[in-house]
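What follows is a short report on a single structure.
The values are calculated or read from the model by the stated rules, or taken from the named source; none is laboratory data. A quick note: this is a predicted structure, and the numbers were derived from the prediction, not measured. No Cβ is skipped: glycine too gets one built from the backbone with ideal geometry, and neighbour counts run over all protein chains shown.
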Amino acid sequence: MGTSGIMNVGQLQGYRPYLAYLGNTSELGILSFITNLAGTATGAVLSIINQIGIPRIYYTEGQYINKHIKLIFLVCIVLSFLSIPAGMIFFHIAEKDNFYPYLFLLPVGVLQEGGNAIIGTYNHLYNIKDGKLSIFATSGVLGFTVMAVMLSIYTITKMDVFITIALGIIFSQFCVVMYIMINTHKSLK
């Protein structure tokens, strides 16, 4: 596993041992369950889109990437909005109505998985263009740093753990995706 992979795991999963150490195991379980539920559903949809789009990116030597990224963005926006009503139905059928207060975490899982899909798509573009992959290592460090800052904010202010971690995941994924998008377009021109 490369540096970027290790940093990605630290960014998206590093809060788990930290929260467990602080004794927030029930919050950790809820957070992990709900974001993973949405992330898994999103991953299933995006894998279908990627099976169609990734070969097109290779076939067009990267020209199709902007359309593919826009499609991923659109799908993630739609799934973010649909995740809450779908979650309400799912939790009602599963007789887990006590999860209703945490429905706002479902879009976090969607956006987390969408960010990973965009990062993966740009990795394919780098393969096509023989770009240097150091951008991914740097982006991993960036994401890890942002998440570490959010954990520090939680420790200092004792904000609601769900809001702090959700904002940390969304903000760190946003920073990583924007960093990769900007640097990819600069370096591959």
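In the set (1) closer than 24 Å to ASN123 by Cα; (2) assigned to a helix (DSSP H, G or I); (3) not β-branched (Val, Ile, Thr), the condition left unmet by PHE81 is number (1).
Here's the yes/no breakdown for (1) surrounded by fewer than 18 Cβ atoms within 10 Å (Cβ to Cβ); (2) touching a residue at least 60 places away in the same chain (Cβ under 8 Å):
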{"site": "TYR15", "(1), (2)": "no, yes"}
{"site": "LEU37", "(1), (2)": "no, yes"}
{"site": "ARG56", "(1), (2)": "yes, no"}
{"site": "SER83", "(1), (2)": "no, no"}
{"site": "PHE91", "(1), (2)": "no, no"}
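Which of the residues spanning the stretch 123-137 are in a helix (DSSP H, G or I), at pLDDT below 70 and not aliphatic (A, V, I, L, M)? Hits for the stretch 123-137 are SER134, PHE136.
Against the conditions (1) at pLDDT 75 or above; (2) closer than 25 Å to ILE69 by Cβ; (3) not polar (S, T, N, Q), ASP97 satisfies every one except (2). Taking CYS76 as meeting all but one of (1) exposed (fewer than 12 other Cβ atoms within 10 Å of the Cβ); (2) within 18 Å of the chain's Cα centre (by Cα), write down the number of the exception. For CYS76, the exception is condition (1). Of the set (1) at pLDDT 90 or above; (2) within 15 Å of the chain's Cα centre (by Cα); (3) surrounded by fewer than 17 Cβ atoms within 10 Å (Cβ to Cβ), all apply to GLY120 but (1).
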